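First comes the structure, then the notes that go with it.
The values are calculated or read from the model by the stated rules, or taken from the named source; none is laboratory data. A quick note: this is a predicted structure, and the numbers were derived from the prediction, not measured. Heads up, the Cβs are rebuilt from the backbone with ideal geometry, glycines too, and the neighbour counts pull from every protein chain shown.
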Amino acid sequence: MEKTSEITYLASVYFSPDWKVKEHRYNLACQACNFLIRDENIMVFSPIVHWHHVSVRFGIPGDYQTWKEYNGRMIELLSSFTILLTNDWEESKGGADELEYAQLLGKPIKTLKHLKNNKFKLLD
């Protein structure tokens, strides 16, 4: 694998009162991380992938407010910001806030579109 200096923050929809929806969103974020690292050679940090099982196991709330400060700090540290664009992206208040913060910091913004059959396309 060719070296890259880019490490992107992957913003994706997560929170739902429905456990099955949360688990589906977690799995989708995992697939997106796999695509970015393997197909695009972009190192990626996803708070969903990183913290989902920890928060479930230890009872840490999965809502945006609980993670806002932590995620903001990660956005500051990483070199770019990638939105996982799904049908329900509009539902994510946290994602919208994170995008606004990344723009304020002048981070390059990319969009990763989720296609049918669990395929992805990097748009920017």
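Here are some notes:
- Odd one out for Asn87, checked against (1) more than 18 Å from Arg25 (Cα to Cα); (2) out of contact with any Leu (no Cβ under 8 Å at 6 or more places or on another chain): (1)
- Any hit, the stretch 14-29, residues being closer than 20 Å to Lys116 by Cβ, among the β-branched types (Val, Ile, Thr) and buried (at least 19 other Cβ atoms within 10 Å of the Cβ): no
- Residues in the stretch 71-124 that are more than 12 Å from the chain's Cα centre (by Cα), assigned to a helix (DSSP H, G or I) and at pLDDT 95 or above: Gly72, Arg73, Glu76, Leu77, Asp97, Glu100, Tyr101, Ala102, Gln103, Leu104.
- The stretch 47-70, subset of a type in the set (D, E, K, R) and more than 16 Å from Ser16 (Cα to Cα), residue farthest from the chain's Cα centre (by Cα): Arg57
- Within the stretch 92-110, at least one residue is touching a residue at least 40 places away in the same chain (Cβ under 8 Å), buried (at least 18 other Cβ atoms within 10 Å of the Cβ), touching a Phe, Trp or Tyr at 6+ places or on another chain (Cβ under 6 Å) and among the hydrophobic types (A, V, I, L, M, F, W, C).
- If the condition is being more than 16 Å from Ser92 (Cα to Cα) and more than 11 Å from the chain's Cα centre (by Cα), then the stretch 20-30 contributes Lys20, Asn27.
Conditions tested, residue by residue: (1) in a helix (DSSP H, G or I); (2) touching a residue at least 24 places away in the same chain (Cβ under 8 Å); (3) among the basic types (Lys, Arg); (4) under 19 Å from Asn87 (Cα atoms).
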{"site": "Val13", "(1), (2), (3), (4)": "no, yes, no, yes"}
{"site": "Lys22", "(1), (2), (3), (4)": "yes, yes, yes, yes"}
{"site": "Arg38", "(1), (2), (3), (4)": "yes, no, yes, no"}
{"site": "Pro61", "(1), (2), (3), (4)": "no, no, no, no"}
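- Some residue of the stretch 39-52 being more than 25 Å from Leu104 (Cα to Cα), surrounded by 12 or more Cβ atoms within 10 Å (Cβ to Cβ), in contact with a strand residue (DSSP E or B) (Cβ under 6 Å, 6 or more places away or on another chain) and of a type in the set (D, E, K, R): yes
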